[in-house]
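Computed from the coordinates by the stated procedures, all read-outs in this text should not be read as laboratory data. All values reported here derive from a predicted model rather than from experimental measurement. Please note: Cβ atoms are built from the backbone with ideal geometry, for glycine as well, and neighbour counts cover all protein chains shown.
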Amino acid sequence: MAIESIDIPLGTTMPKFQLKDAAGAAFSGETSYGEKGLLVIFTCNHCPYAKAVWPRTITIANEAKKLGINTVGINPNIHPNYPEDAPEVMLQRIKEWGVTFPYLVDETQKVAAEFKAQCTPDIYLFDKNKKLVYHGRVDDNWQEPSKVQHEELKAAVKNLSAGKPVDAKQFPSMGCSIKWRVNPYN
């Protein structure tokens, strides 16, 4: 079922987290930061929305890295009913898709709940002070990259890295609902 990300006030402090990647290496929010910020993308392997924007998010992450902003992907869909999102499949996708940033396993779904993530993809951009400056979609056409006219995430990354304000008019991300084992919002 497709849903949208929820409105989270800009300026919200990034929740602390520590997760392992699909190979078992530990990462924390604190140590994952770049000089100018951190892009956090809740995503997965099976959702058509997430799959459609994976190439674009990888490109943006590579550009962001050069600008002092690191990226982490977090998979909250570690669920027995979704074997395509299992860590061993994540390792395959990392190689297949050329993922250049840590792709982390949120097995307990605690981190997704702390971020108030709703869907895959659900995208957060934090400045060097760990304050939220962007929470929205990648661009204005998730289905057809050739028809994209507004690259909102890319613009937010560029503005943040240049010390310019990030546009406060932000559109929610849309994607498959996170496959909660127990809904943390009830």
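If packing is taken as the average number of other Cβ atoms within 10 Å across a peptide's residues, how do 68-76, 117-125 rank, most packed first?
117-125, 68-76
Could you list Lys116, Lys95, Lys110 in order of exposure, starting from the residue whose Cβ has the fewest other Cβ atoms within 10 Å?
Lys95, Lys110, Lys116
Highest GNM mean-square fluctuation, the chain, Cα pairs closer than 10 Å: which of Ser146, Ser173, Ser32?
Result: Ser146 has the largest fluctuation of those listed.
Aspartates and glutamates within cross-link reach of Lys128: Cα-Cα under 16 Å, excluding same-chain residues under 8 positions apart?
By straight Cα distance, Lys128 reaches Glu30, Glu35.
Over the C-alpha atoms of segment 68-156, what are the Rg and the largest Cα-to-Cα span, Dmax, in Å?
When restricted to Cα atoms, segment 68-156 yields Rg and Dmax of 14.4, 38 Å.
Could you pull out every one of the lysines with an alpha carbon less than 19 Å from that of Lys147, ignoring same-chain neighbours closer than 8 positions?
Lys147 reaches Lys51.
Work from the charge dipole of segment 2-177 (Cβ charges, +1 for Lys and Arg, -1 for Asp and Glu, about the Cα centre) and give the residue of Ile78, Asn129, Val148 farthest towards its positive end.
Of Ile78, Asn129, Val148, it is Asn129.
Between segment 1-80 and segment 87-110, what is the C-alpha centre distance in whole Å?
11
Treat every Asp and Glu Cβ in segment 2-177 as -1 and every Lys and Arg Cβ as +1, leave all other atoms uncharged, and give the resulting dipole magnitude about the Cα centre to the nearest 20 debye.
Here the size comes out at about 520 debye.
Rounded to two decimals, what is Rg over Rh for segment 2-177 when you use alpha-carbon atoms and the Kirkwood radius?
Value, to two decimals: 0.92.
With r defined as the distance between the Cβ atoms of Ala155 and Thr13 and R0 fixed at 22 Å, what FRET efficiency is calculated, to the nearest 0.05?
E(calc), rounded to 0.05, equals 0.45.
Have a look at Thr120, Val157, Thr108 and report the one farthest towards the positive end of the charge dipole of the chain, computed about the Cα centre with Cβ charges (Lys/Arg +1, Asp/Glu -1).
Of the listed residues, the answer is Val157.
Provide the packing ranking of 7-18, 151-162, 56-67, i.e. peptides ordered by the mean count of other C-beta atoms within 10 Å per residue, highest first.
151-162, 56-67, 7-18
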